[in-house]
Amino acid sequence: MHGVPSLHELTVSSARSAASELLGGDVRRWAHVQAVARKAAEAARALGPAESELLVLTAWLHDIGYAEPLMGTGFHSLDGAQWLRQQGHERVACLVAHHSCASFEAALRGLSEVMATYPDEGTSVRDLLTYCDMTTGPAGQAMTMDERLADVRKRYGSDGVVTHALQAAREELLRQLTAAERLLADAQPM
Ligand SMILES: [Fe+2]
(Lines give C-alpha, C1' and ligand atoms only; values in the text may rest on other atoms or scores of the structure.)
Protein backbone atom coordinates (compact mmCIF):
# COMPACT_ATOMS: atom_id res chain seq x y z
CA MET A 1 0.00 0.00 0.00
CA HIS A 2 1.37 3.39 -0.92
CA GLY A 3 2.07 5.82 1.89
CA VAL A 4 1.71 3.27 4.66
CA PRO A 5 4.76 2.93 6.89
CA SER A 6 5.92 -0.47 7.99
CA LEU A 7 6.69 -1.36 11.55
CA HIS A 8 9.16 -4.22 11.69
CA GLU A 9 10.88 -3.78 15.00
CA LEU A 10 8.35 -2.93 17.66
CA THR A 11 9.54 -0.60 20.42
CA VAL A 12 8.05 2.41 22.20
CA SER A 13 10.10 4.62 19.93
CA SER A 14 9.11 2.91 16.65
CA ALA A 15 5.46 2.85 17.77
CA ARG A 16 5.59 6.58 18.50
CA SER A 17 7.19 7.29 15.10
CA ALA A 18 4.63 5.23 13.19
CA ALA A 19 1.77 6.88 15.07
CA SER A 20 3.24 10.31 14.44
CA GLU A 21 3.62 9.58 10.74
CA LEU A 22 0.06 8.29 10.40
CA LEU A 23 -1.85 10.53 12.81
CA GLY A 24 0.41 13.52 13.40
CA GLY A 25 -1.38 15.60 10.76
CA ASP A 26 -4.61 15.50 12.76
CA VAL A 27 -3.79 17.95 15.54
CA ARG A 28 -6.68 17.05 17.80
CA ARG A 29 -6.38 13.28 17.45
CA TRP A 30 -2.60 13.47 17.87
CA ALA A 31 -3.06 15.43 21.12
CA HIS A 32 -5.37 12.66 22.34
CA VAL A 33 -2.91 9.91 21.39
CA GLN A 34 0.01 11.72 23.04
CA ALA A 35 -1.99 12.19 26.24
CA VAL A 36 -3.06 8.52 26.30
CA ALA A 37 0.58 7.47 25.82
CA ARG A 38 1.70 9.82 28.62
CA LYS A 39 -0.91 8.37 30.93
CA ALA A 40 0.17 4.85 29.94
CA ALA A 41 3.78 5.68 30.77
CA GLU A 42 2.65 6.65 34.28
CA ALA A 43 0.29 3.69 34.64
CA ALA A 44 3.04 1.31 33.51
CA ARG A 45 4.45 1.36 37.05
CA ALA A 46 1.71 -1.13 37.92
CA LEU A 47 3.25 -3.72 35.57
CA GLY A 48 6.51 -5.60 35.20
CA PRO A 49 9.11 -4.29 32.72
CA ALA A 50 8.04 -6.31 29.65
CA GLU A 51 4.35 -5.64 30.12
CA SER A 52 4.95 -1.99 30.89
CA GLU A 53 6.70 -1.48 27.56
CA LEU A 54 3.86 -3.30 25.82
CA LEU A 55 1.29 -1.00 27.46
CA VAL A 56 3.10 2.17 26.40
CA LEU A 57 3.75 1.15 22.81
CA THR A 58 0.18 -0.09 22.43
CA ALA A 59 -1.08 3.24 23.76
CA TRP A 60 0.84 4.99 20.98
CA LEU A 61 -0.77 2.66 18.43
CA HIS A 62 -4.29 2.25 19.82
CA ASP A 63 -5.99 4.73 17.45
CA ILE A 64 -3.75 4.13 14.43
CA GLY A 65 -6.73 2.71 12.52
CA TYR A 66 -8.14 6.22 12.14
CA ALA A 67 -5.37 6.92 9.60
CA GLU A 68 -6.88 7.04 6.15
CA PRO A 69 -4.31 4.77 4.46
CA LEU A 70 -5.20 1.99 6.91
CA MET A 71 -8.93 2.17 6.32
CA GLY A 72 -10.50 -1.20 5.64
CA THR A 73 -13.68 -2.04 7.54
CA GLY A 74 -14.14 1.61 8.51
CA PHE A 75 -13.97 0.71 12.22
CA HIS A 76 -10.70 2.10 13.58
CA SER A 77 -10.05 -0.59 16.22
CA LEU A 78 -10.18 -3.35 13.61
CA ASP A 79 -8.39 -1.39 10.90
CA GLY A 80 -5.51 -0.66 13.28
CA ALA A 81 -5.46 -4.29 14.39
CA GLN A 82 -5.40 -5.52 10.80
CA TRP A 83 -2.37 -3.37 9.96
CA LEU A 84 -0.55 -4.53 13.11
CA ARG A 85 -1.33 -8.16 12.27
CA GLN A 86 0.10 -7.63 8.78
CA GLN A 87 3.27 -6.30 10.40
CA GLY A 88 3.49 -9.48 12.47
CA HIS A 89 2.58 -7.95 15.84
CA GLU A 90 -0.25 -10.24 16.83
CA ARG A 91 -0.46 -9.47 20.55
CA VAL A 92 -0.53 -5.71 19.99
CA ALA A 93 -3.08 -6.26 17.19
CA CYS A 94 -5.40 -8.05 19.63
CA LEU A 95 -4.97 -5.38 22.31
CA VAL A 96 -5.73 -2.62 19.80
CA ALA A 97 -8.74 -4.57 18.47
CA HIS A 98 -10.24 -4.72 21.96
CA HIS A 99 -9.24 -1.38 23.45
CA SER A 100 -12.07 0.34 25.32
CA CYS A 101 -14.46 -2.59 24.79
CA ALA A 102 -14.46 -2.24 20.99
CA SER A 103 -16.26 -5.57 20.56
CA PHE A 104 -19.54 -3.80 21.40
CA GLU A 105 -19.13 -1.38 18.51
CA ALA A 106 -17.95 -4.19 16.23
CA ALA A 107 -21.21 -6.04 16.97
CA LEU A 108 -23.31 -2.98 16.09
CA ARG A 109 -21.37 -2.59 12.86
CA GLY A 110 -21.87 -6.25 11.89
CA LEU A 111 -18.15 -6.94 12.37
CA SER A 112 -18.27 -9.53 15.17
CA GLU A 113 -16.84 -12.23 12.94
CA VAL A 114 -13.79 -10.14 12.13
CA MET A 115 -13.44 -9.20 15.81
CA ALA A 116 -13.56 -12.89 16.75
CA THR A 117 -10.28 -13.43 14.86
CA TYR A 118 -8.62 -11.25 17.54
CA PRO A 119 -8.79 -12.93 20.96
CA ASP A 120 -9.29 -10.56 23.91
CA GLU A 121 -6.40 -11.33 26.28
CA GLY A 122 -8.31 -9.90 29.23
CA THR A 123 -5.16 -8.98 31.15
CA SER A 124 -4.07 -6.02 33.27
CA VAL A 125 -2.47 -4.53 30.13
CA ARG A 126 -5.89 -4.57 28.46
CA ASP A 127 -7.55 -2.99 31.54
CA LEU A 128 -4.90 -0.28 31.87
CA LEU A 129 -5.10 0.56 28.16
CA THR A 130 -8.88 1.00 28.42
CA TYR A 131 -8.38 3.11 31.55
CA CYS A 132 -5.89 5.41 29.82
CA ASP A 133 -8.11 5.86 26.75
CA MET A 134 -11.42 6.25 28.58
CA THR A 135 -10.10 8.90 30.96
CA THR A 136 -8.58 11.02 28.17
CA GLY A 137 -10.76 13.31 26.07
CA PRO A 138 -10.63 13.75 22.29
CA ALA A 139 -8.18 16.66 22.55
CA GLY A 140 -6.07 15.05 25.28
CA GLN A 141 -7.84 16.58 28.26
CA ALA A 142 -8.28 14.51 31.45
CA MET A 143 -11.86 13.28 31.91
CA THR A 144 -13.76 10.83 34.06
CA MET A 145 -15.32 7.95 32.19
CA ASP A 146 -18.80 9.43 32.57
CA GLU A 147 -17.61 12.77 31.18
CA ARG A 148 -16.07 10.87 28.29
CA LEU A 149 -19.34 9.05 27.60
CA ALA A 150 -21.26 12.34 27.75
CA ASP A 151 -18.75 13.90 25.33
CA VAL A 152 -19.16 11.01 22.88
CA ARG A 153 -22.93 11.47 23.01
CA LYS A 154 -22.48 15.17 22.25
CA ARG A 155 -20.11 14.57 19.34
CA TYR A 156 -21.79 11.56 17.73
CA GLY A 157 -25.42 12.25 18.71
CA SER A 158 -27.62 10.12 20.92
CA ASP A 159 -28.40 7.86 17.94
CA GLY A 160 -24.79 7.44 16.82
CA VAL A 161 -23.36 3.94 16.69
CA VAL A 162 -20.40 4.96 18.90
CA THR A 163 -22.81 6.33 21.51
CA HIS A 164 -24.90 3.15 21.50
CA ALA A 165 -21.83 0.96 21.64
CA LEU A 166 -20.33 2.74 24.64
CA GLN A 167 -23.66 2.72 26.44
CA ALA A 168 -23.93 -1.03 25.90
CA ALA A 169 -20.32 -1.44 27.03
CA ARG A 170 -20.67 0.76 30.14
CA GLU A 171 -20.69 -2.05 32.71
CA GLU A 172 -17.72 -3.83 31.15
CA LEU A 173 -15.87 -0.52 30.81
CA LEU A 174 -16.48 0.12 34.50
CA ARG A 175 -15.20 -3.35 35.37
CA GLN A 176 -11.97 -2.71 33.44
CA LEU A 177 -11.55 0.78 34.89
CA THR A 178 -12.10 -0.46 38.43
CA ALA A 179 -9.53 -3.23 37.90
CA ALA A 180 -7.05 -0.68 36.51
CA GLU A 181 -7.61 1.76 39.37
CA ARG A 182 -7.06 -1.04 41.89
CA LEU A 183 -3.76 -1.96 40.20
CA LEU A 184 -2.64 1.66 40.26
CA ALA A 185 -3.61 2.11 43.91
CA ASP A 186 -1.55 -0.98 44.84
CA ALA A 187 1.46 0.09 42.76
CA GLN A 188 4.28 2.22 44.08
CA PRO A 189 3.87 5.91 43.27
CA MET A 190 6.29 7.21 40.63
FE1 LIG B 1 -8.22 6.69 21.91
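For the stretch 127-150, the set of residues classified as assigned to a helix (DSSP H, G or I), within 14 Å of the ligand (Cβ to nearest atom) and either in contact (Cβ under 8 Å) with a residue 24 or more places away in the chain or surrounded by fewer than 15 Cβ atoms within 10 Å (Cβ to Cβ) (or both) consists of L128, L129, T130, Y131, C132, D133, M134, M145, listed by residue number. Within the stretch 152-167, the residues that satisfy the criterion of being assigned to a helix (DSSP H, G or I) and either closer than 18 Å to L177 by Cα or open to solvent by 30 Å² or more (accessible area, probe 1.4 Å) (or both) are V152, R153, K154, R155, Y156, V161, H164, A165, L166, Q167. Of the residues contained in the stretch 155-170, none is found to be under 24 Å from A41 (Cβ atoms) and without any contact (Cβ under 8 Å) to a residue 60 or more places away in the chain. Assess whether R28 counts as being part of a helix (DSSP H, G or I), within 14 Å of the ligand (Cβ to nearest atom) and either open to solvent by 50 Å² or more (accessible area, probe 1.4 Å) or not hydrophobic (A, V, I, L, M, F, W, C) (or both). Considered against the rule, which asks whether it is part of a helix (DSSP H, G or I), within 14 Å of the ligand (Cβ to nearest atom) and either open to solvent by 50 Å² or more (accessible area, probe 1.4 Å) or not hydrophobic (A, V, I, L, M, F, W, C) (or both), R28 comes out as yes. All conditions but one from (1) open to solvent by less than 50 Å² (accessible area, probe 1.4 Å); (2) within 16 Å of the ligand (Cβ to nearest atom); (3) part of a helix (DSSP H, G or I) apply to R38; the one that does not is (1). Considering the stretch 94-120, the residues that are away from the ligand (no atom under 16 Å from the Cβ) and part of a helix (DSSP H, G or I) include one that is most open to solvent (accessible area, probe 1.4 Å), namely E113.
Does V33 satisfy the condition of being more than 16 Å from the ligand (Cβ to nearest atom), of a type in the set (A, V, I, L, M, F, W, C), over 14 Å from L128 (Cα atoms) and buried (at least 17 other Cβ atoms within 10 Å of the Cβ)? Here the answer is no, as V33 does not meet what is asked.
The values are calculated or read from the model by the stated rules, or taken from the named source; none is laboratory data. Remember, it's a predicted structure, so these values are computed and weren't measured experimentally. Note that each Cβ is placed from the backbone with ideal geometry, even for glycine, and that neighbours are counted across all protein chains shown. These area figures cover heavy atoms from the full protein model, side chains too; ligands, DNA and RNA do not enter into them. Shrake-Rupley method; radii C 1.70, N 1.55, O 1.52, S 1.80 Å.
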